[in-house]
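Quick notes on the structure that follows.
The values are calculated or read from the model by the stated rules, or taken from the named source; none is laboratory data. Everything numeric here is computed off the predicted structure, so don't read it as measured data. Here the Cβ is made from the backbone with ideal geometry for all residues, glycine too, and neighbour counts use every protein chain on show. To get the accessible areas, we keep the full protein, side chains included, count just its heavy atoms, and leave off ligands, DNA and RNA. Shrake-Rupley method; radii C 1.70, N 1.55, O 1.52, S 1.80 Å.
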Amino acid sequence: GTMNRLYVIESTPSVTGGKADHRLPLRAGAVEDLARRLAFRIPGAATDKTVLTTMPGYENWIDAAARDLLSHRGSSIVIAGDQQPPVVHALALAMNYQLGNVGKTVLVTDPVAAQPVEQMASLRELVQAIDAETVQLLLILGGNPAFTAPVDLHFSDKLAKVGMRIHLGLYADETSLLCHWHVPEAHFLEAWSDARAFDGTVSLIQPMIAPLYEGKTAHEILAACLESPEQSSYDVVRAYWKTQHGDSDFERWWRKALHDGVVPATAFTPRTRVTVERIAMPPAVQPAPSEGELELVFRPDPAVFDGRFANNGWLQELPRPMTKLTWDNAAWMSPATAARLGVASEDVIEIRSQNRSLRAPVWVVPGHANDALTVHLGYGRERAGRVGNGVGFDANAIRTSDAPWIVRGVTVRKTGERYALATTQHHFSMENRGLVRESTLDGYRAEPHFVHEVEHEPPRDLTLYPPVSYPGHAWGMAIDLSACTGCNACVIACQAENNIPVIGKDQIARGRAMHWLRVDRYYEGDPANPRSYQQPVPCMHCENAPCEVVCPVNATVHSSEGLNEQVYNRCVGTKYCQNNCPYKVRRFNFYLYQDWTTESLKMARNPDVTVRSRGVMEKCTYCVQRISYARIQSQKEDRPIRDGEILTACQQVCPAEAIVFGDVNDPQSRVSQLKAEPRNYALLADLNTRPRTTYLASLRNPNSEVEGG
């Protein structure tokens with residue numbers, strides 16, 4: 001039927017840009033100028049064209065995007081990124097208003113506070129108050145401003161002027177070191193609280209476990225400051241909502257809100273009448289960047305964010321979506337910029353801005369905007385804990401409060417040094433093998449069976465394997481590459497579910513990643529602006545499994561329901577199966593990666609999954625423990641297993657619902673219906689492995705007016 005269309009303008013390649021039908025790599029400092037030109041093409045959104053500068057090479061792209069927006073009034077949306085300046089957000093709202101999107105794709109509500117707080121201005125105000133010696137006691141509830149505050153505020157130095165400093169935090173971090181008191185904070189999974197969603201809906205947060213280390217919540221600390229030290233977080237949250245609801249039938253209301261997970265009738269009421277005045281374009285705060293002028297872009301890391309998760313080994317070892325780097329950050333730049341500067345990946349450069357500098361290794365990223373560098377925050381921690389200490393470099397060293405996201409006019413010097421980075425993917429070309437298959441929407445309509453033109457699956461009887469029937473269940477999986485964004489949620493879910501160990505940078509660099517599920521990233525087209533693809537690759541559970549015939553101890557076997565199973569007690573570590581797997585989805589634990597003694601780690605493991613010792617092969621099992629649980633439940637209730645009753649860990653967390661698992665013997669199951677679609681294909685089908693995991697080809701919906709532009 002129909003399909004949406006996505007335009008993305010960005011400096012740093014992202015998973016959103018990777019899914020775009022049209023992606024425009026543009027220096028962050030020039031995004032405001034492009035937004036002005038786009039707004040001028042939407043009648044009524046902006047006035048005064050005289051302040052517009054020329055943007056040669058982009059006019060066709062802007063014109064086509066504007067016409068597309070105008071032809072989809074009321075069903076389009078313009079979104080400004082979090083790091084964009086206020087004028088870009090104002091222009092986005094003005095365009096949405098003139099396109100008739102307000103009240104349809106854009107909902108406007110009144111803010112909770114009468115005057116929203118600008119965080120950076122509030123931090124400056126605190127620093128000024130400390131300088132004026134008007135702050136006698138400073139209570140820091142969570143956060144780590146000694147590490148995350150911009151360098152020009154000198155927050156760490158100023159903190160010493162405060163007479164009494166108290167810090168509540170999960171870790172004894174950089175801020176704790178400078179405080180008189182550090183109060184261990186209860187994790188949010190150990191605490192009662194409440195939260196408000198973007199639409200205003202309130203949820204009550206219930207603890208999953210009692211505090212392991214007698215930590216305190218922010219509610220309890222504030223209650224103690226208000227002379228109610230006996231109140232727990234439960235008492236505080238319950239008392240507040242009792243004042244909001246009243247005494248009448250409160251107990252029943254409270255229990256229902258806890259059961260449902262949301263407080264009814266708390267969503268904000270969208271405003272029915274919204275007026276957005278035309279924006280008379282003010283002159284730009286800064287002129288458009290000149291040719292060859294370098295800019296530096298700061299971004300939160302996709303995994304450790306601003307450093308608050310630096311001590312989480314799962315996140316440190318998680319391959320970043322666009323680079324597949326682990327255990328480090330790097331200075332991203334485009335191939336053209338790297339060539340101009342005479343550097344390559346893993347060369348160490350010195351980036352200098354306003355008499356401040358930092359040293360960082362280079363990572364060349366196709367699709368990055370030219371004359372721009374991107375560095376990610378959250379690294380270079382000194383008190384992050386045993387896992388996060390000393391990992392990467394601290395980008396905050398040159399980040400200032402007046403330019404927290406974009407710095408213009410930086411200089412770069414090649415140091416001649418090298419720094420080894422650990423990545424899980426060294427090759428990003430499919431070599432004409434059709435691993436990821438894609439087409440346009442128009443192409444799919446013209447030829448729905450285009451996926452089978454790449455390679456043909458051999459006849460089912462052309463095999464040395466004896467035929468096997470599966471009269472009961474036959475489990476299988478389908479992954480829709482149109483929906484998958486490569487966000488990595490499935491990788492972390494698989495690690496949590498299956499007790500997969502963290503192995504460290506050295507082992508990752510040796511190619512020994514232990515993730516049972518990986519997400520491959522491929523590029524197609526011009527390295528200056530290629531199309532990128534993300535493909536999750538678990539075990540294929542082949543019916544003609546190449547791993548099974550070569551195992552000398554029968555450790556990898558086939559189940560009666562089509563699962564390729566791994567018997568850990570039999571495995572002696574020959575690795576023949578790994579060598580014979582064309583999909584490279586089997587993992588060997590060369591060392592005893594697991595910590596068997598730390599009590600808290602024992603509690604973190606899934607008791608339904610074996611914790612492996614060293615010397616055995618590991619791999620995806622389709623979460624066989626969940627299959628077994630559903631089978632037992634259905635037998636107890638004397639009924640068949642329902643379609644959708646079994647959710648694999650990767651399927652359960654996928655926000656795009658790109659992964660579907662079920663019984664392929666059931667023609668009415670969702671997985672069977674997906675496998676019956678013309679887009680369905682098997683990976684490396686010409687090998688006749690007959691995998692139970694198949695893919696649905698990716699579709700794009702490009703605008704013919706800008707295709708190739």
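Could you check how many residues of the range 149-182 are surrounded by 20 or more Cβ atoms within 10 Å (Cβ to Cβ), touching a Leu at 6+ places or on another chain (Cβ under 7 Å) and not in a loop (DSSP other than H, G, I, E, B)?
3
Can you name the residue in the range 13-29 that is part of a helix (DSSP H, G or I) and of a type in the set (A, V, I, L, M) and, of all such residues, is nearest to Ala336 (Cα to Cα)? Before you say what the answer is, go through the steps one by one.
Quick first cut of the range 13-29, residues part of a helix (DSSP H, G or I) only: 15-18, 28-29.
In the following step, the residues that additionally are of a type in the set (A, V, I, L, M) were identified as 15, 28.
Details: Val15: 21, Ala28: 17 Å.
For the range 13-29, the residue satisfying everything is Ala28.
So which residues in the range 576-589 are surrounded by fewer than 15 Cβ atoms within 10 Å (Cβ to Cβ) and touching a residue at least 60 places away in the same chain (Cβ under 8 Å)?
Matches in the range 576-589: Pro582 only.
How do the pairs read when you match residues in the range 200-212 that are within 15 Å of Ser232 (Cβ to Cβ) and outside any loop (DSSP other than H, G, I, E, B) with residues anywhere that are open to solvent by less than 30 Å² (accessible area, probe 1.4 Å) and among the basic types (Lys, Arg), using Cβ under 6 Å and keeping only pairs 6 or more apart or on different chains?
none
List the residue pairs whose Cβ atoms are under 8 Å apart, where the first residue sits in the range 543-567 and is touching a residue at least 60 places away in the same chain (Cβ under 8 Å) and farther than 19 Å from Asp663 by Cα, the second is open to solvent by 40 Å² or more (accessible area, probe 1.4 Å) and among the charged types (D, E, K, R), and the two are 6 or more positions apart or on different chains.
Pairs found: Ala555/Arg570; Thr556/Glu565.
I need a count of the residues in the range 137-166 that are of a type outside the set (Val, Ile, Thr) and in contact with a Phe, Trp or Tyr (Cβ under 7 Å, 6 or more places away or on another chain).
Number of matching residues: 3.
I need the strands (runs of 3 or more DSSP E) fully contained in the range 394-507, keeping only those with at least 1 residues that are within 26 Å of the chain's Cα centre (by Cα).
Answer list for the range 394-507: 406-408, 438-440, 475-480.
May I ask you to list the residues in the range 674-709 that are small (Gly, Ala, Ser) and either crowded, with 17+ Cβ neighbours inside 10 Å or over 29 Å from the mean Cα position of the chain (by Cα) (or both)?
If the condition is that a residue be small (Gly, Ala, Ser) and either crowded, with 17+ Cβ neighbours inside 10 Å or over 29 Å from the mean Cα position of the chain (by Cα) (or both), then Ala676, Ala682, Ala685, Ala697, Ser698, Ser704 are the ones that fit.
What is the residue count in the range 540-558 for residues that are open to solvent by less than 20 Å² (accessible area, probe 1.4 Å), assigned to a loop (DSSP other than H, G, I, E, B) and within 15 Å of Thr693 (Cβ to Cβ)?
Of the residues in the range 540-558, 5 are open to solvent by less than 20 Å² (accessible area, probe 1.4 Å), assigned to a loop (DSSP other than H, G, I, E, B) and within 15 Å of Thr693 (Cβ to Cβ).
Please specify each residue of the range 611-641 satisfying the condition of being under 13 Å from Glu565 (Cα atoms) and open to solvent by 40 Å² or more (accessible area, probe 1.4 Å).
Of everything in the range 611-641, just one residue is under 13 Å from Glu565 (Cα atoms) and open to solvent by 40 Å² or more (accessible area, probe 1.4 Å), namely Val624.
Under 9 Å by Cβ, and 6 or more places apart or on different chains, what pairs join a residue from the range 397-413 that is touching a residue at least 60 places away in the same chain (Cβ under 8 Å) and more than 10 Å from Arg352 (Cβ to Cβ) with one that is open to solvent by 40 Å² or more (accessible area, probe 1.4 Å) and of a type in the set (Val, Ile, Thr)?
Between residues of the range 397-413 that are touching a residue at least 60 places away in the same chain (Cβ under 8 Å) and more than 10 Å from Arg352 (Cβ to Cβ) and residues that are open to solvent by 40 Å² or more (accessible area, probe 1.4 Å) and of a type in the set (Val, Ile, Thr), the close pairs are Ala397/Val151; Arg399/Val151; Thr400/Val151; Ser401/Val151.
I'm trying to understand the selection: among the residues of the range 115-142, which are closer than 24 Å to Pro85 by Cβ, part of a loop (DSSP other than H, G, I, E, B) and not β-branched (Val, Ile, Thr)?
Residues of the range 115-142 closer than 24 Å to Pro85 by Cβ: 115-128.
Filter once more, so that each one left must be part of a loop (DSSP other than H, G, I, E, B): 115-118.
Scanning the range 115-142 gives Gln115, Pro116, Glu118.
Can you name the residue in the range 330-374 that is part of a strand (DSSP E or B) and within 20 Å of Glu524 (Cα to Cα) and is also least open to solvent (accessible area, probe 1.4 Å) among such residues?
Restricting to residues being part of a strand (DSSP E or B) and within 20 Å of Glu524 (Cα to Cα), the top hit is Met333.
Select, from Val412, Val468, the only residue that is surrounded by fewer than 15 Cβ atoms within 10 Å (Cβ to Cβ) and among the aliphatic types (A, V, I, L, M).
Values: Val412 fails: surrounded by fewer than 15 Cβ atoms within 10 Å (Cβ to Cβ).
Among Val412, Val468, only Val468 is surrounded by fewer than 15 Cβ atoms within 10 Å (Cβ to Cβ) and among the aliphatic types (A, V, I, L, M).
Any residue in the range 460-477 that is more than 23 Å from Gln668 (Cβ to Cβ) sitting within a Cβ distance under 7 Å of a residue that is among the polar types (S, T, N, Q)? List the pairs, counting only those 6 or more apart or interchain.
Close Cβ pairs satisfying both conditions: Leu462/Asn688; Thr463/Asn544; Thr463/Asn688; Tyr465/Asn544.
Name the single residue that is surrounded by the most Cβ atoms within 10 Å (Cβ to Cβ) among those in the range 375-408 being touching a Pro at 6+ places or on another chain (Cβ under 9 Å) and among the polar types (S, T, N, Q).
Asn396
Filter the range 648-666 for residues that are over 26 Å from Thr463 (Cα atoms) and out of contact with any helix residue (DSSP H, G or I) (no Cβ under 7 Å at 6 or more places or on another chain); which is least open to solvent (accessible area, probe 1.4 Å)?
Checked the range 648-666; the qualifying residue least open to solvent (accessible area, probe 1.4 Å) is Ala658.
Would you check if there is a residue in the range 217-230 being over 30 Å from Val108 (Cβ atoms), in contact (Cβ under 8 Å) with a residue 60 or more places away in the chain, of a type in the set (Gly, Ala, Ser) and surrounded by 16 or more Cβ atoms within 10 Å (Cβ to Cβ)?
Checked the range 217-230: at least one residue is over 30 Å from Val108 (Cβ atoms), in contact (Cβ under 8 Å) with a residue 60 or more places away in the chain, of a type in the set (Gly, Ala, Ser) and surrounded by 16 or more Cβ atoms within 10 Å (Cβ to Cβ).
So Ile62 fits all but one of (1) open to solvent by 50 Å² or more (accessible area, probe 1.4 Å); (2) in a helix (DSSP H, G or I); (3) modelled with pLDDT of 90 or more; what number is the exception?
Condition (1) is where Ile62 drops out.
Among Gly74, Gly81, Gly100, which is at pLDDT 90 or above, open to solvent by less than 80 Å² (accessible area, probe 1.4 Å) and touching a strand residue (DSSP E or B) at 6+ places or on another chain (Cβ under 8 Å)?
Matching residue, one of Gly74, Gly81, Gly100: Gly81.
Would you mind finding the one in Val502, Val537 that is among the aliphatic types (A, V, I, L, M) and open to solvent by 20 Å² or more (accessible area, probe 1.4 Å)? Explain how you work it out, then say what you get.
On the way: Val537 fails: open to solvent by 20 Å² or more (accessible area, probe 1.4 Å).
Exactly one residue qualifies, and that residue is Val502.
Is there any pair linking a residue in the range 3-16 that is within 17 Å of Arg67 (Cα to Cα) and among the aromatic types (Phe, Trp, Tyr) to one that is open to solvent by 40 Å² or more (accessible area, probe 1.4 Å) and assigned to a strand (DSSP E or B), with Cβ under 7 Å and at least six apart or on different chains, and which?
No pair meets every condition.
Exactly one condition in (1) out of contact with any Cys (no Cβ under 6 Å at 6 or more places or on another chain); (2) closer than 19 Å to Leu435 by Cβ is not met by Val585; state its number.
Evaluating Val585 over (1) out of contact with any Cys (no Cβ under 6 Å at 6 or more places or on another chain); (2) closer than 19 Å to Leu435 by Cβ leaves (1) as the failure.
Would you mind telling me which numbered condition in (1) within 30 Å of Leu6 (Cβ to Cβ); (2) open to solvent by 70 Å² or more (accessible area, probe 1.4 Å); (3) out of contact with any Pro (no Cβ under 9 Å at 6 or more places or on another chain) Ala478 fails?
(2)
List pairs: first residue in the range 674-685 and farther than 14 Å from Asp480 by Cβ, second residue open to solvent by less than 30 Å² (accessible area, probe 1.4 Å) and modelled with pLDDT of 90 or more anywhere in the structure, Cβ distance under 6 angstrom, at least six positions apart or on different chains.
Hits for this filter: Ala682/Pro691; Ala682/Thr694.
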